[in-house]
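The values are calculated or read from the model by the stated rules, or taken from the named source; none is laboratory data. Treat the numbers as computed from the prediction; the structure is a model and nothing was measured. When we count neighbours, we look across all protein chains shown, and the Cβ atoms used for this are built from the backbone with ideal geometry, even at glycine.
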Amino acid sequence: MFFKLVNHETQIRILEERDAPELFALVDQSRSYLRQWLPFVDSTENVEVVRKFIQTGLQRYAANNGAEFGIWYQGAFAGVIGLQSIDWEARSTTIGYWIGEHFQGNGIMTNTCITLFNFLFRDYGLNRIEIEVAPQNLKSKAGVTRLGLSFEGRKKEALRLDDQYVDVDAYAMLSKDWLVRDI
Ligand SMILES: CC(C)(COP(=O)(O)OP(=O)(O)OC[C@H]1O[C@@H](n2cnc3c(N)ncnc32)[C@H](O)[C@@H]1OP(=O)(O)O)[C@@H](O)C(=O)NCCC(=O)NCCS
């Protein structure tokens, strides 16, 4: 099973069904903050919904078509980072992520992305990673900018949040641009 140390405080591994109660509890604690940016929050009504999400992620992982990873910080379940699917023709994927409200501001997502990007470009052979960010999501935008992704354009009303269509900005990193940085 996939497991990576990000640093001495943070680790990621593939989500397993046994993680469902912790994942649900974290969503439940952070609903008002997460629902500003993520469409799944209100439909995550109970642990069973989370269990199905984890099962789908495991199926995608087994089929080489994406994965959902849990993030642990100082031993506590802190959030999720996932590859929604993989286009193996283009060797390209889109990454999504979130962490619990009180885990923000410790560099967890920046450092997790560095570890995952290194794995996906060096070991997994991907050529392109995309991250989509709502223009008003300044924390996520700061993160993708810190990681060095390039802004590629705005997708009009590509996301529905809280019954409203919202734009998303597409950012991307290519393997050749990541690997020369050697981080
Ligand atoms: C966006 C989100 C994932 C950012 O998580 P995060 O772990 O706080 O993000 P980062 O790793 O980029 O942390 C950076 C912050 O930690 C600080 N930090 C502390 N130690 C650090 C370290 N060792 N390395 C890097 N940054 C560090 C930085 O200074 C920065 O602080 P600032 O935000 O006040 O400038 C989080 O806010 C979130 O889950 N939001 C809701 C869901 C969401 O928006 N998901 C993304 C949809 S596109």
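Note on the range 47-78: among residues that are among the polar types (S, T, N, Q) and part of a loop (DSSP other than H, G, I, E, B), the one that is farthest from ARG91 (Cα to Cα) is GLN74.
May I ask you to list pairs of residues, at least six apart or on different chains, whose Cβ atoms are under 8 Å apart, with the first in the range 119-145 being at positive phi and the second being more than 11 Å from the ligand (Cβ to nearest atom)? Note: pairs meeting the criteria are GLY125/ARG91. State the number of residues belonging to the range 12-46 that are part of a helix (DSSP H, G or I) and hydrophobic (A, V, I, L, M, F, W, C). Here the count works out to 7. The strands (runs of 3 or more DSSP E) found entirely in the range 113-183 that carry 3 or more residues being within 11 Å of the ligand (Cβ to nearest atom) and of a type outside the set (Lys, Arg) are 128-133, 164-174.
Which of the residues that make up the range 85-112 are within 12 Å of the ligand (Cβ to nearest atom) and either buried (at least 19 other Cβ atoms within 10 Å of the Cβ) or under 10 Å from the mean Cα position of the chain (by Cα) (or both)? Walk me through it before giving the result.
The first filter runs over the range 85-112 and keeps only residues within 12 Å of the ligand (Cβ to nearest atom), leaving 94-112.
Hits for the range 85-112 are THR94, ILE95, GLY96, TYR97, TRP98, ILE99, GLY100, PHE103, ILE108, MET109, THR112.
ASN65 satisfies every condition listed in (1) at pLDDT 95 or above; (2) over 27 Å from LEU5 (Cα atoms) except (2). Can you tell me which residues in the range 70-84 are more than 22 Å from LYS141 (Cβ to Cβ) and either within 14 Å of the chain's Cα centre (by Cα) or more than 16 Å from the ligand (Cβ to nearest atom) (or both)? Those that are more than 22 Å from LYS141 (Cβ to Cβ) and either within 14 Å of the chain's Cα centre (by Cα) or more than 16 Å from the ligand (Cβ to nearest atom) (or both): GLY70, TRP72, GLY75. Restricting the first member to the range 26-46 and to residues that are small (Gly, Ala, Ser), and the second to residues that are within 10 Å of the ligand (Cβ to nearest atom) and not in a loop (DSSP other than H, G, I, E, B), the beta-carbon pairs closer than 7 Å and six or more apart or on different chains are SER30/GLU101.
For LEU116, the criteria (1) surrounded by fewer than 14 Cβ atoms within 10 Å (Cβ to Cβ); (2) touching a residue at least 60 places away in the same chain (Cβ under 8 Å) hold in every case but one, which is (1).
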